[in-house]
Every structure is written in C-alpha cells, then in structure tokens.
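Accompanying notes for the structure given below.
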Amino acid sequence: MENQVKQRSSFTGSLGFVLAAAGSAVGLGNIWRFPYLAAKDGGGLFLLVYLVLAVTFGFALLITEIAIGRKTQESPLTAYKKINSKWGFLGVLSFVVPFIIYPYYCVIGGWVMKYMFSYLAFQGSVTAADGFFTGFITAQWQPIFYTVLFAILCFIIVYKGVEHGIEKYSRILMPVLVVIVVFIAIYSLTISHTDANGVTRTGLQGAAVYFVPNFEGITFKKFLYIILDAMGQLFYSLSIAMGIMVTYGSYMKKEENLVKSVNHIEIFDTGIAVLAGMMIIPAVFAFSGTEGMSAGPGLMFITLPKVFNSLGKFGDFIGLIFFVMVLFAALTSAVSILEAITSSMMDKFKWSRKKSTLIMAASTFVISIIVCLGYNVFYFDLKFPNGAVGQILDILDYASNNILMPIVGLLTCILIGWIAKPKTTIDEITLNGEKFGRKTLYIVMIKVVAPILLFIILLTGLGVI
Ligand code: PHE
C-alpha cells in the first residue's frame, strides 16, 4: 500500500466539479447535433421528449456513473472490479471507448481550429465558398497540422492535473462559452432575410419552428423514432458510458451533494443545447427555410459559414466568436476523454501523470494521423449495418457510439441494478444524509427502463431496427 499514500487529486469544490463535468458534457453534440435533431423531429415535440428523458433516463445513468467513481475512488479501468470482482471486464470496455474516441475527436477539434483561424484571418468569404470544407479535409498536411495543435492543447491541460489543469480551464472556458452562446442566440432572433424569390423569412419565425411542437404527420412509429433520437442524443450528450463520469466522480469530494451536482450538470448541458438551437435554427431558417436544416453533419462546417457570410462584415465577427465557442466546447470535452484514459493508466499501472499523458500523446499522434489520411491516402467508403456510409473517422465513431457505448451503459445497469443492487449507489448518493427525491424512480430506471432503452439503442446501432 506504500504507493497509495499519495492522496488522490480532487476538484476544489462543487462549482469546480460541475463546471468540469459540464465542460465534458457540452460539446459538438450540443452545438450541431441537438439543433439538427430538433429541427428534424418536430421542434417543440423533440424538446419535450428530450426534457422528460433527461430528468429520468439521463439522470439515472449520470448519477450512477458519478457515484461509482466517488464510491470506489478509482477510474473506470479499476473501479468496476472494486464494485464486483468478476466485473473487471466492464472496466476494460469503458477504458477502450475513450481510447477509440479520443484520436478522432482531436481530428474534429483540428477542423474547428482551422475554421477559427480562417475567421481570425478575415477569410470568412473563402470559408463559405463551395468545396472549402472538402478541400480542407482531403488536403494532406493541413488537417494533420491542426489536429496536432488541438491535441497539444489538450495534452497541456491534462498534464497540469485535475485542479490546476482541468478545473482551472473549465472555470474560464465554460462561462465564456455561455456568454457567447447567449449573445449569438439573441442576435439570431433579430435576423431577417429576403431570398431571390422575394420571400422574407425572419429569425423569430425560425424560433417558432424550433419551439412550437409540430404534430403534422405524426404517427405512432414516427413518435417512437423521435424518442429514439432523443435518447441517443441524451446518452451521447451527457458523456455517459465512456468512463468519463466515473473518473470525474472519483475526484469529487465526499461531502458534496451528488443529486444537486447532477441536476446542475443536466441544467447546464440541456440549457446550452436549447440555446444552441436558438442560435442556429433561426439563422439557418431565415436564409434557407426548413430545408436548410436537413444539412445534418455538414450544418456546422458548410451551411453556417454561408449564413455568416451573408451577414456581411458583422457576420465575420459572429463567425469568429462562434468558432471560438465551438473550440472551447470541443476542448473541454476532449480533455475529459484524455483524463479518463490517463487516470485509468495511473490507477492501474501506478504510472505518473507525466508518463501516462506522454504515452497517450504518442499513441494519439499516430492514430489521429491515420484518421486524417482516411480522407486522402487511405480513402475508402464503408457501409455500416445501419445504412450510413463513412471513412476511418466514421468507423471509430460508429464502433464507439453505436456499439460499445450502449453495451457499456447496458452492462452498467445490469451490474448496479441486479448484481451489486441499487443500494450500492444509493448509499453513496445519500452518504451525508442527503435527500434523494427520485429514489424509487431511480431504482425502476436502473433495473428495468434504462436497460431496455439501451438495448433498443444498441439494436438501432446494429441496424436491426
Ligand atoms: N458530450 C459531448 C457532446 O455533447 C460529446 C463527447 C463525446 C464528450 C465523447 C466527451 C467524449 O458533444
């Protein structure tokens, strides 16, 4: 036990923990995926379904992971084994997930950096030109350069540790992010645009498309798809099933109130997602109507630069602060992935933070370069079981998000719900006699509802549904 004497790092307090965890949760998922799904799935209807799932399904999964971390004081690779000695394999699985995600997340972070620098260099109109995005990602050196730049930033923050790295930067980046999102969301409502056919659309009309539930053409089947979309989004958005929340939970002080902290993280994450919708949907609607929203993944890198460009000089400024904000969101998320891996290595092999981060930096360097080259030297098209087509980046994304994450989530529910029993986490949640209002709901969720929902997500990912 000699080498255990060194005290585990911790966040300084509740605010530091909530900002760091919210930093992980608020990422690209909130900024482009949530608005796009909301527009596709009947606006207010999707919002309503999402909110109900957030305070039930999302709440149960998030609090479970944080409680596992705080109870065991270990990161995922070793934490699950401590809950039940036969379940160490779940720790290995939840170590593999962030390991797969991290390299490609850095590549996307690199793309965001490229856009930010383009706006900084007053290149707004070049950025909006047709073919800019494809031209950039298929180029050989530029994407690698920006990916490495992004990865270096993450490395520095994680290298500095929990309190002086992650917490310190989250305390600066997250409030700035909120201010920028609110500013652009308000501005977006004031936009008005008349197209070539003389049709004028305003940001306020776009906001109505977003907030007012649209029941037109809703069938039972369609409604089920909306629930599935909302569930998948929630799961991804809360950074669940990749060991991150277990890791951050292990840095949480025993005297903090878990229920309150989880509520705050959820309010933060959902609030930013809703505001991101207010920022993007009205603007895109004013310029290209509802069809513009169906751009999907290309929305952020292709459609939005065109919207910014149509706004003239001020649009260049909006473009710049938009990509600064996206960079902050991506950075705090990437840092949390890197920390989950680093911390697992430190706990399992008793390596120093320095050694663990350096090993990760080297492996990321190699894998991310391969991901970048997936758009040129190693280019191929692969069809996934769910019908989507993609390259190396999408393969990693598919394997982690559609297959491994639902499996880890499902197994966590089985472990806590049936093997170790919910008392394991409930005791940790109510350690200082805290009130746990949703206790019965929590037990039902973790034992029955969440595993069923996760199984359905997995079947969707596998293309069975
Ligand atoms: N939760 C993040 C989001 O909403 C996504 C994320 C994925 C974060 C992987 C960390 C790790 O965008």
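The values are calculated or read from the model by the stated rules, or taken from the named source; none is laboratory data. Note that the coordinates shown come from a computational prediction; the quantities given were computed from them, not determined experimentally. Neighbour counts run over all protein chains shown; Cβ positions are idealised from the backbone, glycine included. These accessible areas exclude ligands, DNA and RNA; they are computed on the full protein's heavy atoms, side chains included. Shrake-Rupley method; radii C 1.70, N 1.55, O 1.52, S 1.80 Å.
Run the accessible area of segment 274-324 with a 1.4 Å probe and give the carbon-and-sulfur part as a rounded percent.
Here carbon and sulfur together make up 71 percent of the probe-accessible area.
Kirkwood hydrodynamic radius of the chain from all distinct Cα pairs, in Å?
Evaluated over the chain, this radius sits at 22.5 Å.
Out of every Cα pair in segment 35-151, what percent are spaced more than 26 Å from each other?
When all Cα pairs of segment 35-151 are counted, 53 percent exceed 26 Å.
Which percent of the accessible heavy-atom area of segment 1-126 goes to carbon and sulfur, probe 1.4 angstrom? Write out the running numbers ahead of the final one.
Values: 2750 of 4310 Å².
Answer for segment 1-126 is 64 percent, counting heavy atoms of protein chains only.
Would you mind working out the accessible area per residue for the chain, using a 1.4 Å probe, and quoting it in Å²?
40
Short version: what are the Cα gyration tensor semi-axes of segment 165-267, square root of 5 times each eigenvalue, largest first, in whole Å?
So the three semi-axes of segment 165-267 are 36, 23, 11 Å.
Mind grabbing the base-10 log of I(q)/I(0) for segment 1-96 at q = 0.13, 0.14, 0.15 Å⁻¹? Debye formula, identical points on the C-alpha positions, no solvent, two decimal places.
Normalising to I(0) and taking log10 leaves -0.67, -0.75, -0.84.
Kirkwood hydrodynamic radius (Cα pairs, Å) of segment 95-152?
Values: mean 1/r = 0.0826 Å⁻¹.
Taking every pair of different Cα atoms in segment 95-152, averaging 1/r and inverting gives 12.1 Å.
Rank these by accessible area, largest first, 1.4 Å probe: 164, 264, 193.
164, 264, 193
Sorted by mean Cβ packing within 10 Å, highest first, what order do the peptides 89-101, 452-464 take?
Final packing ranking: 89-101, 452-464.
Angle between the Cα long axis of helix 220-237 and the longest principal axis of the chain, 0 to 90 degrees, nearest 10?
Once rounded, the angle reads 70 degrees.
For segment 248-333, take the alpha-carbon Rg, divide it by the Kirkwood Rh, and send me Rg/Rh.
With Rh from the inverse mean 1/r over Cα pairs, Rg/Rh is 1.13.
In a shell of Cβ-Cβ distance under 14 Å around residue 221, excluding residue 221 itself, what net charge do Lys and Arg (+1) and Asp and Glu (-1) give?
Local charge sum for residue 221: -1.
Cα centroid distance between segment 354-395 and segment 425-465, in Å?
Here the two parts' Cα centres lie 32 Å apart.
Taking the inverse of the average 1/r across all pairs of different Cα atoms in segment 319-382, what Kirkwood radius in Å do you get? List each step's numbers first, then the result.
On the way: mean 1/r = 0.0716 Å⁻¹.
One decimal place: 14.0 Å for the Kirkwood radius.
So what are segment 15-64's ellipsoid semi-axes, whole angstrom, largest first, if each one is the square root of 5 times an eigenvalue of the alpha-carbon gyration tensor?
Equivalent-ellipsoid dimensions as semi-axes: 22, 15, 7 Å.
Going by the alpha-carbon gyration tensor, a ≥ b ≥ c the square roots of its eigenvalues, is segment 335-465 rounded (a/c under 1.5) or, if a/c is not under 1.5, prolate (a/b greater than b/c) versus oblate?
oblate
At 37 °C and 0.692 mPa s, grab the translational diffusion coefficient of segment 226-268 from Stokes-Einstein with a Kirkwood Rh over Cα pairs, rounded to a whole number in µm² per second.
It diffuses with D of about 280 µm²/s by this estimate.
How do 369-381, 318-330 rank on mean C-beta neighbours within 10 Å, highest first?
318-330, 369-381
Order the peptides 148-160, 179-191, 28-40 from the highest to the lowest mean number of other Cβ atoms within 10 Å of their residues.
28-40, 148-160, 179-191
Angle between the Cα long axis of helix 258-288 and the longest principal axis of the chain, 0 to 90 degrees, nearest 10?
So the inclination is approximately 10 degrees.
Got the relative contact order for the chain handy, in percent, Cα pairs under 8 Å and 6 or more residues apart?
Value for the chain: 32 percent.
Which links in 253/421; 40/221; 350/421; 86/348 stretch past 21 Å when you go from one Cα to the other? Let's see the in-between values first.
Working: 253/421 23 Å; 40/221 15 Å; 350/421 30 Å; 86/348 16 Å.
Beyond 21 Å: 253/421; 350/421.
Loop by DSSP (not H, G, I, E, B), at most 13 other beta-carbon atoms within 10 Å: where is the longest site-free stretch of the chain for GluC sites (Glu not before Pro)?
Result for the longest clean stretch: 1-215.
Compute the normalised compactness of segment 94-208: alpha-carbon radius of gyration over 2.2 N^0.38 Å, N being the residue count.
In units of the globular-protein estimate, segment 94-208 measures up at 1.41.
Using only the alpha-carbon atoms, what does segment 397-463 span along each of its principal axes? Please give whole angstrom values in decreasing order.
On the principal axes, segment 397-463 reaches 44, 20, 18 Å in Cα extent.
Measure nothing but the geometry: give the 0 to 90° angle between the long axis through the Cα atoms of 405-414 and the longest principal axis through the Cα atoms of the chain, rounded to 10°.
The helix 405-414 is inclined about 40 degrees to the chain.
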